[in-house]
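So the structure is just underneath, and the comments pick up after that.
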Amino acid sequence: MLPLPLFGGCACGAVRYRVDVEPAETGYCHCRICQKSNAAPAVPWAVIPLTGFQYLPGELGMWRSSEEGERRFCVKCGMPLEFRVRDGETVGLNSVTLDEPELVKPQCHIWCSSQLSWFDTVDDLPRRQEG
């Protein structure tokens, strides 16, 4: 059980958010869009139901990264905060943006078909080729 609520935000502090529910799933994403939009070989994320997630102060930008998805980020510092399927009911929160990211441990790897050959984690978590 997580000590709810959880809080987080961007690097400059201009955008803050609150999480009031346990994540439905957590993991590392290795897809090319996550790699490029975060400038990282993999992105740790937590799927949060929208009913338990809210932004507090701050101005968000939005980028439609695919036909079905959108990504939100801080317009001041550019920090990527989330991915969500358009008209979906969850947020794929970039879990390292939590104030206490150690609390939300990854449970799997997804989009491993895009994993970079020179990057790997040492773990026994399940690995899915796609999402």
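Quick notes on this one:
- Comparing ASP99, ASP87, ASP20 in a Gaussian network model of the chain, where Cα atoms under 10 Å apart are tied by springs, the biggest mean-square fluctuation is seen for ASP87.
- Dipole of the stretch 6-114, positive end: most advanced residue of PRO101, TRP111, CYS34 [Cβ charges, Cα centre]: CYS34
- Values [x] 14.1, 40; [y] 17.4, 64; [z] 14.9, 50 are given for comparison; Rg and Dmax of the Cα atoms in Å, derived from the coordinates here, is the one labelled [x].
- Rounded to the nearest 500, the helix-only mean residue ellipticity at 222 nm of the chain stands at -1500 deg cm²/dmol, with each DSSP H run of n ≥ 4 adding -39,500 (n - 2.57).
- Under a model in which nothing but the beta-carbon of Lys, Arg (+1) and Asp, Glu (-1) is charged, the chain shows a dipole of about 440 debye around its Cα centre.
- You can think of it this way: the chain between LEU116 and ASP20 has 31.2 nm of extra reach, that is 0.36 nm per residue less the Cα-Cα gap.
- Between ALA24, ALA46, ALA11, the residue with the greatest mean-square fluctuation in the GNM of the chain (Cα pairs under 10 Å linked by springs) is ALA24.
Taken together, the values in this text are just the output of simple stated rules run on the coordinates, not laboratory data. In this text, all values refer to a predicted model and were calculated from it rather than measured experimentally. As a convention, Cβ positions derive from the backbone with ideal geometry for all residues, glycine included, and neighbour counts pool all protein chains shown.
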